[in-house]
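Take a look at the structure below.
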Amino acid sequence: MKIQSSLLPEKSRKQKPTDVLKLSFGTVFTDHMFMMDYRNGNWLDPRVVPYGPLSIDPAALVLHYCQGIFEGLKAYRRGDRVLLFRPEKNIERLNKSAARMVMPTLDPGFALDSLLKLVRIERDWVPQVPGSSLYIRPTLIGTEPKLGVKAANEYLYYVILSPVGPYFPTGFGPVKIMVADKHVRAAEGGVGAAKTMGNYAAGLLAGKEAAEAGCTQVLWLDAHERRYLEEVGTMNIAVKFDDEVATPPLSGTILPGITRESVLHILRDWGLRVNEREISIDEVIEGLGTGRVEEILGCGTAAIIAPVGSLYYKGVTYTVGDGNTGPLTQRLYDELIGVQSGEREDKYNWVVEVS
Ligand code: PLP
Ligand code: COI
């Protein structure tokens, strides 16, 4: 399929932000977006067009029953080079989410080509400053107008781009996380492993309560016993015990993070003992008391590696270590961002250059 482009003349393009690190995450968008429709069982009309509002029927199925999924990845700049981090993994996960939500999948090769094409067109938008990047948001929604509950037979796939700095308003420093002991994000057999819109809507109330308690995000516990760690609002979680790094297993209720997988790979390569296993909140709280828990970190595309400085659980604040970024968290941050931004050797062939 040939991708048509209708690009804005230079003089109609937006001013690029002067200080990306100060932007609120995901509030500024580039000049163009990619779009493609799905009708009668086929993907049609792939195109790069000026960024702007969508025209969508008020009865579109996504607006009523949330048949929508998305992805998040980043483009980094090193001098003239523009680099994507493991984009094929995002496309693979988009297709898994699509299958779970009864949506059509994309041809992975074509999806990657279209991403590369859009980023190539918008490459001047990829910011330079350390800690910044161009966030890429592929989105797939059911557009068929119908009030009966069903899987749509018409879809829109689109990709928008946003220059970003840190995800949290507090920057890259330690975050305070509230352990959700009342609400849950996802239960076994549900859609927790899919990057589907409703999962984020389901988390909003707990997120509001967390903010009221002075916390940045929520740490979800399992839906069955409210006992085992799952993941954080927009990140996976890992705990550094004295002799082990542990992270919750991919049991179907959490998002299989690409950063998580990359972090586990790096840690194993460094020779650390890494386990994907159940971690109870009691084990963590007790370990914080005895010092067995040395560091806790969140990892995700938007957040990169976020040190957890304290946990707030059932009205009590527990400081992690001395509340600052621990050595392993810092080392991981440096390595990951180093590889992503082309500063460090790409030993595992994770980086794809936008030529
Ligand atoms: N968990 C949730 C709920 C997320 O939204 C994200 C972000 O995408 C992650 C985990 C981390 O996934 P990834 O590393 O692929 O960005
Ligand atoms: C990401 O890291 O890409 C996320 O999905 C987090 C988010 C902004 C929802």
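The values are calculated or read from the model by the stated rules, or taken from the named source; none is laboratory data. Small disclaimer: the values here were computed from a predicted structure and weren't measured. Cβ sites come from the backbone with ideal geometry, for glycine too, and all protein chains shown count toward neighbours. Heads up: the accessible areas ignore ligands, DNA and RNA and are worked out on the full protein's heavy atoms, side chains in. Shrake-Rupley method; radii C 1.70, N 1.55, O 1.52, S 1.80 Å.
Before moving on, here are some points about what is shown:
- Relative to the longest principal axis of the Cα atoms of the chain, the long axis of helix 327-340 lies at roughly 20 degrees.
- Remark: C-alpha extents of region 256-355 on the principal axes read 52, 24, 22 Å, sorted largest to smallest.
- Distance from region 116-141 to region 300-355 (C-alpha centre basis), Å: 21 Å
- Centroid-to-centroid, using Cα positions, region 197-215 and region 41-67 are 27 Å apart.
- Dividing the mean sequence gap of close Cα pairs (under 8 Å, 6+ apart) by how many residues region 4-164 holds gives a relative contact order of 34 percent.
- Scattering profile of the chain at q = 0.09 Å⁻¹ [log10 I(q)/I(0), Debye over alpha-carbon scatterers]: -0.51
- Summarising the amide proton neighbourhood of Met33: residues at separation of 5 or more, or on other chains, whose placed amide H is nearer than 5 Å comprise Val49, Tyr51.
- Radius of gyration, Dmax [region 69-186; alpha carbons; angstrom]: 17.3, 52
- The average projected area of region 175-340, computed from the convex hull of its Cα atoms over all directions, is 8.7 nm².
- Per-residue Karplus couplings for region 230-247, computed as 6.51 cos²θ - 1.76 cosθ + 1.60 with θ equal to phi - 60°, are listed in order as 10, 7, 9, x, 10, 8, 7, 10, 9, 10, 8, 8, 4, 10, 7, 10, 10, 9 Hz, Gly and Pro entered as x.
- Sequence-ordered 3J(HN,Hα) estimates for region 77-90 from the Karplus curve with 6.51, -1.76 and 1.60 and θ = phi - 60° stand at 10, 10, x, 8, 8, 10, 10, 9, 9, 6, x, 5, 5, 5 Hz, glycine and proline given as x.
- Within a straight-line Cα-Cα reach of under 30 Å, Lys16 can be paired with the following lysines, leaving aside sequence neighbours fewer than 8 residues apart in one chain: Lys2, Lys74, Lys89, Lys117, Lys195.
- The mean sequence separation of alpha-carbon pairs under 8 Å and at least six residues apart, normalised by the residue count of the chain, gives a relative contact order of 19 percent.
- Residue by residue, region 102-116 carries 3J(HN,Hα) couplings of 6, 10, x, 8, 9, 5, x, x, 5, 4, 5, 4, 5, 4, 4 Hz when phi is fed to the Karplus relation 6.51 cos²θ - 1.76 cosθ + 1.60 (θ = phi - 60°); x denotes Gly or Pro.
- Values of log10 I(q)/I(0), in the order q = 0.10, 0.16, 0.20 Å⁻¹, for region 4-164 under a Debye, Cα-only, solvent-free model: -0.38, -0.93, -1.31
- MRE, 222 nm, helices only [DSSP H, n ≥ 4, -39500 (n - 2.57), over the chain, to nearest 500]: -7000 deg cm²/dmol
- Charged side chains reduced to their Cβ positions (Lys and Arg at +1, Asp and Glu at -1) give region 175-340 a dipole of some 420 debye around its Cα centre.
- Added length on full extension, which subtracts the Cα-Cα distance from 0.36 nm per residue, Asp269 to Thr319: 15.1 nm
- Accessible area per residue for the chain is 44 Å², calculated with a 1.4 Å probe on protein heavy atoms, without ligands, DNA or RNA.
- For the residues Asp113, Asp31, a 1.4 Å probe over the protein chains yields an accessible-area ranking, largest first, of Asp113, Asp31.
- Neighbours of Met36 by Cβ distance under 9 Å: Lys/Arg scored +1, Asp/Glu scored -1, total -1.
- Cα-Cα pairs of region 112-237 separated by more than 20 Å (percent): 60 percent
- Taking amide hydrogens as placed 1.01 Å from N in the peptide plane, the amide H of Glu231 sits under 5 Å from those of Trp220, each at least 5 positions away in sequence or on another chain.
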